[in-house]
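Participant: Dumping the structure here so I can ask a few things about it.
We did not get these values from a lab; they are worked out from the coordinates using the rules stated. Note that this is a predicted model, so its numbers are computed, not measured. When we count neighbours, we look across all protein chains shown, and the Cβ atoms used for this are built from the backbone with ideal geometry, even at glycine.
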Amino acid sequence: MHTIPAPVLTDFAARIFHAAGVPAAVADQVAASLVASNLAGHDSHGVVRVMQYLGAVERGETDARATPAVTHETPVMAVIDARRSFGQVAASFAIRTAIAKARDAGIAAVTLYNSSHVGRLGEWVEMAAAQGMIGLAFCNGGRSGGIVAPYGGAARRLGTNPIAAAVPLADRPPFVLDFATSAVAEGKVRVARNSGKEIPTGWVLDKEGNPTTNPADLYEGGMLVPAAGHKGYSLALLVDLLGGMLTGGGSAPQAGTMQSNGVLFIVLAISAFRTPDEFSTEAGAMVERIKSTPPAPGFSAVLLPGEPEQQSAAQRSANGVPLDDGTWAQLVAEAERLGVEVPG
């Protein structure tokens, strides 16, 4: 295990990207987003993705110099073609577009297609909450063919298809919901594989459709299972309809129609529906009631969605970001290949 200060890790990842031909500003933005995920405790969306992103650039799937473009818009909506840009660049542009429109119209919906992997979905809806708005996101994820079996099935059909929402709360950080509709994000299996650890039963089926605790089985024809059985499966289908069909970005069950992410962003300006003070007062009372719930045996407190990430960020900002040996070795190998100095 290696523990690295977040600023050092961010600079290291940015230098790797830049050495691979990514423009400096884009390299900095993508590296900062990945390390922010590490800080939040979501290592599945952190620097473990550097190698994946570099591979996409080298294969021509991601255009490091591309910028997203609005192809159609009205006062309350926009369609955005990412033009194969880095997902962090495209998602940031899309949510900022939605925020600006919602500020004027009270509500906005923005679709994003032709995008590379957008990273941790919660990062983008948090940007809406930071502006005092509610942000929602539906992202269909992965490549054609998928990596998740439908409920009751034993073959890949769906992506991990995450959903996210962020709601501002007075006098405390925002409520942030962000989860895959599969039992676990694919990146968590990747981290376990890199760490040489087993995974819990109920995450993955092997290529024969049998439960397995070996993370390598996922990458040898296996498949993730839906979260909560038929409920996660139903949500995954909804996300494919919204993030794939509605955006025009394709969907995993349709062979050859997609490479990475299609996203629907919806932003609601609270002031368009009621006074922000009224909303804050009632929302604050609700969460305080939830927080006052006596903890069950084995728990120290009842947490709100988003609090584990906030606690992780505080702890890792102070003490450094832990990286498993496998991920660190991969980063070092990429750095040496590209002639980038490895931090001591």
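Participant: By counting other Cβ atoms within 10 Å of each Cβ, how are LYS197, LYS207 ranked from fewest to most?
Facilitator: On the way: LYS197 11, LYS207 15.
Lowest to highest Cβ neighbour count: LYS197, LYS207.
Participant: Considering the convex hull of the alpha carbon atoms of segment 102-168, report its projected area averaged over all viewing directions, in nm², one decimal.
Facilitator: Projected over every direction and averaged, the Cα hull of segment 102-168 covers 5.6 nm².
Participant: Using 0.36 nm per residue, how much length does the chain from GLU208 to MET1 gain when fully extended, once their Cα-Cα distance is taken away? Intermediate values should be presented prior to the final figure.
Facilitator: Numbers: separation 207, 0.36 × 207 = 74.52 nm, distance 3.34 nm.
Here the segment from GLU208 to MET1 would lengthen by 71.2 nm.
Participant: Also, quick follow-up: Would you give the gap between the C-alpha center of segment 117-169 and the C-alpha center of segment 277-327, rounded to a whole Å?
Facilitator: 20 Å
Participant: Starting from the 7 Å offset along Cα-to-Cβ, what nm value, one decimal, do you get for the label separation of ALA216 and ALA105?
Facilitator: The two pseudo-label positions are separated by 5.2 nm.
Participant: Another question about this same structure. So for the chain: antiparallel DSSP bridges make up what percent, rounded to the nearest 5? Each step should come with its number before you reach the end.
Facilitator: On the way: 39 of 45 bridges.
Counting DSSP beta bridges with both partners in the chain, the antiparallel share is about 85 percent.
Participant: A further question follows. Where does each of TRP203, TRP124 land when they are ranked from fewest to most other beta-carbon atoms within 10 angstrom?
Facilitator: Lowest count first: TRP203, TRP124.
Participant: State the dimensionless ratio Rg/Rh of segment 119-269 (Rg: radius of gyration of Cα atoms; Rh: Kirkwood radius). Write out the running numbers ahead of the final one.
Facilitator: Working: Rg = 15.9 Å, Rh = 15.7 Å.
With Rh from the inverse mean 1/r over Cα pairs, Rg/Rh is 1.02.
Participant: Follow-up. What's the exposure ranking of THR10, THR247, THR3, going from fewest to most Cβ atoms within 10 Å? Please report the intermediate quantities before stating the final value.
Facilitator: Details: THR10 22, THR247 26, THR3 11.
Taking fewest neighbouring Cβ atoms as first place, the list is THR3, THR10, THR247.
Participant: Next up: If you take every DSSP beta bridge fully contained in segment 1-150, what fraction is antiparallel? Give it as a percent rounded to 5.
Facilitator: Working: 5 of 10 bridges.
For segment 1-150, the DSSP antiparallel bridge percentage is about 50.
Participant: Nearest 0.05, what FRET efficiency do ALA285 and LEU238 give at R0 = 41 Å with Cβ-Cβ as r? Walk me through the numbers on the way to the answer.
Facilitator: Details: r = 31 Å, r/R0 = 0.75.
After rounding to 0.05, the efficiency reads 0.85.
Participant: To continue, here is another question. Among the complete DSSP H segments of the chain, which ones combine at least 15 Å of alpha-carbon extent along their axis with a mean Kyte-Doolittle hydropathy of -0.5 or more? If you can, show how the numbers build up before the last one.
Facilitator: Details: long enough: 6-19 (20 Å, 0.84); 24-39 (22 Å, 1.18); 87-105 (26 Å, 0.36); 276-291 (22 Å, -0.56); 307-319 (18 Å, -1.79); 325-338 (20 Å, -0.24).
Counting only whole DSSP H runs, the qualifying helices are 6-19, 24-39, 87-105, 325-338.
Participant: Please work out the C-alpha center-to-center distance from segment 24-54 to segment 211-243 and express it in whole Å.
Facilitator: 23 Å
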